[in-house]
Amino acid sequence: MGGTSAYRTPHFIRIKANKYEARRLHSGKISTTKLNSDTLPNDLELIKQIVLSLQQDVSTLQQNVTQGKATIERLELRLASLLRNRFGRSSERSQNTDQLDLMIEDVEPTLAQISPSATELSKSSTRSRSRKPFSKSLPREERRYEPSSCNCPDCGDVMKLIGEDRSEMLHVIPEQYVVIQQVRPKYGCSACDNIAQAPAQERVIDKGIASAALIAQVIVDKYVDHLPLYRQEERFKRADIDLDRSTLAGWVGRAGAHLEPLVQAIRNHVMNAHKLHADDTTAPTLKPGNGKTLTGRYWNYVRDDRRWGGEAAPAVWFQYSTTRSGKEPAMHLKGYRGIIQADAYAGYNLAVQSGVTRAGCWAHVRRKFFDLAESTQSPVAQEAIERINALYQVERQINGQPPDERYRYRQLHAKPLMDDLHIWLDQTLRLCSKGSALGKAINYARKQWDSLTLYLNDGRVEIDNNAAERAIRPLALGRKNHLFAGSEDGAHCGAALYSIMGTAKLNGIDPKAYLTAVLKRINNTMASDVSSLLPWNIDLTNSQVGEAI
């Protein structure tokens with residue numbers, strides 16, 4: 001029965017003991033970081049268990065490090081994006097920079113209070129900038145300031161005019177509200193008892209107290225200048241006018257109902273385009289009953305053919321929905337047969353299945369690489385930006401040219417750049433780690449390559465979707481002031497009014513003057529003639545008989 005105890009212990013018992021010892025070491029009862037030749041066990045099976053345990057620990061640590069790096073990279077990208085939105089160049093900012101603008105507004109008055117000497121120093125150290133003259137469309141009022149005496153103070157002779165100095169100062173006349181008293185005299189015939197009286201003037205809202213101009217002002221203040229109705233109520237009170245918010249809201253709602261035929265005419269004009277731009281943004285909407293909000297969506301569809309010399313007037317059509325389901329754009333685009341240019345949102349796929357061709361947006365692709373370059377200084381991302389910038393440089397050369405010329409120029413100059421970019425993206429992707437931000441940016445472009453290159457083969461298609469993003473920007477600004485829509489019906493009304501205001505602005509027409517003219521005429525316009533009220537058809541200079549006030 002001689003020999004060592006190791007040989008006296010059965011093999012399976014030794015293995016079980018070794019596993020227990022390895023777990024004991026791994027659990028921290030024996031520190032593996034302080035192991036040396038003196039403390040290491042002599043049992044080979046136990047050493048194997050320790051090595052396997054350490055390998056498992058190393059694998060876990062490596063996985064945690066990889067995940068940590070990915071998290072840090074993602075957070076750095078988000079931080080860089082937020083910082084750029086606040087402090088970056090205007091060409092790379094997103095829409096939500098209003099808080100920064102408010103900060104600047106607070107700082108600038110403080111800077112204006114500095115001492116005169118400091119002001120002069122600031123002026124001398126900066127490049128002078130010539131002031132633009134006031135527009136000739138502004139009315140002028142001449143005020144002459146004669147000297148106290150035209151006699152020479154030395155000899156007493158009457159002095160002659162030898163010249164004059166002229167300067168201009170911008171002045172404001174406070175807005176004035178006027179109550180129009182409509183008087184309709186009655187005339188009677190004593191011989192036959194006939195009575196003659198002028199008919200009552202039509203009003204935008206039956207028996208309403210607001211003129212078309214006043215209703216237009218309320219709507220423009222809310223949907224163009226983003227002034228909520230409760231603030232407008234306060235402004236009316238300062239003018240000694242008692243108009244509560246519910247009255248103002250009623251005007252907006254009734255006007256929106258009158259304007260529905262015009263919105264439909266805008267929709268028809270937009271849907272007759274060969275190519276549309278599409279985008280969407282959130283629209284928080286108050287849900288009656290529980291005081292909470294749901295996240296609705298505003299969708300916009302833009303027709304703008306000016307970049308390829310198209311003669312059709314630009315227009316934008318908005319729609320509201322309570323979800324971002326792909327069924328929404330499919331329903332909006334029902335019956336449309338053409339090209340829709342949008343971002344990579346998969347919700348447009350249902351519309352594509354219904355006969356719509358999809359074009360991509362290189363601005364969204366470029367933004368992915370720009371975020372990466374700003375946060376990590378990646379030379380690969382910077383090279384991607386430079387390659388995309390070269391495509392945009394081609395577009396600058398053909399802006400405003402007819403479609404066939406744009407197609408020819410793109411095939412000659414942009415297509416070789418695009419082919420090289422595709423090869424470069426494939427090669428670069430092989431060198432990227434799986435799940436990295438650079439790999440995601442590259443895959444974002446590769447997965448929609450067909451839609452991104454479609455513009456090369458059609459001169460009427462743009463390189464990006466910026467037309468839709470510009471048209472939807474006012475909604476993002478209004479959202480900050482309005483906080484949320486009061487109801488789903490109110491959001492639908494807002495979509496209609498955004499369509500009218502946005503279309504007027506795209507055509508370079510003052511929204512208030514346009515809406516005033518439309519409200520005066522909409523009730524007396526047949527449905528078949530409503531297209532005469534579109535911004536590019538209406539005559540804003542001549543008043544028509546029978547117009548509302």
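Coordinate-derived values only; no laboratory data. All figures in this text were calculated on a predicted structure; none of them were measured in a lab. With ideal geometry, Cβ positions are generated from the backbone for all residues, glycine too; neighbour counts draw on all protein chains shown.
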What do you get for Rg/Rh over region 267-474 if you use C-alpha atoms and the Kirkwood form of Rh?
-> 1.00
Treating only Lys and Arg (+1) and Asp and Glu (-1) as charged, each at its beta carbon, one finds that region 345-499 has a dipole about its Cα centre, in Debye to the nearest 20, of 220
What's the extension gain from Asn523 to Asp165 if we count 0.36 nm per residue and subtract their Cα-Cα distance?
-> 123.6 nm
Quick one: what are the phi-derived ³J(HN,Hα) couplings along region 150-158, Karplus 6.51/-1.76/1.60 with θ = phi - 60°, whole Hz, x for glycine and proline?
-> 9, 9, 5, x, 8, 9, x, 5, 6
Once amide H atoms are placed 1.01 Å from N in the peptide plane, what residues at a sequence separation of 5 or more from Gln341, or on another chain, have their amide H within under 5 Å of its amide H?
-> Leu276, His277, Ala278, Ala359
Ranked by how many other beta carbons lie within 10 Å on average, peptides 195-201, 462-468, 525-531 from highest | 462-468, 525-531, 195-201
Would you mind pulling out the separation of the Cα centroids of region 416-469 and region 199-257, in Å?
-> 49
Non-local amide H neighbours of Lys287 (under 5 Å, H modeled in plane, Pro and chain starts lacking H): which ones?
-> Lys292, Thr293, Leu294
Report the equivalent ellipsoid semi-axes for region 169-292 in whole Å, largest first, defined as the square roots of five times the eigenvalues of the gyration tensor built from alpha carbon atoms.
-> 37, 24, 18
What ranking do 438-450, 255-267 get when scored by the average of other Cβ atoms within 10 Å per residue, highest first?
-> 255-267, 438-450
Once you charge only the Cβ atoms, +1 for Lys and Arg and -1 for Asp and Glu, what is the size of the charge dipole of region 297-370 about its Cα centre, to the nearest 20 debye?
-> 240
Can you pick out the pairs among Lys132/Lys505; Lys207/Lys512; Lys136/Lys222; Lys327/Lys440; Lys48/Lys440; Lys287/Lys334 whose Cα atoms lie more than 31 Å from each other?
-> Lys48/Lys440
Length gained if Asn537 through Asp57 is fully extended, taking 0.36 nm per residue and subtracting the Cα-Cα distance, is 165.3 nm
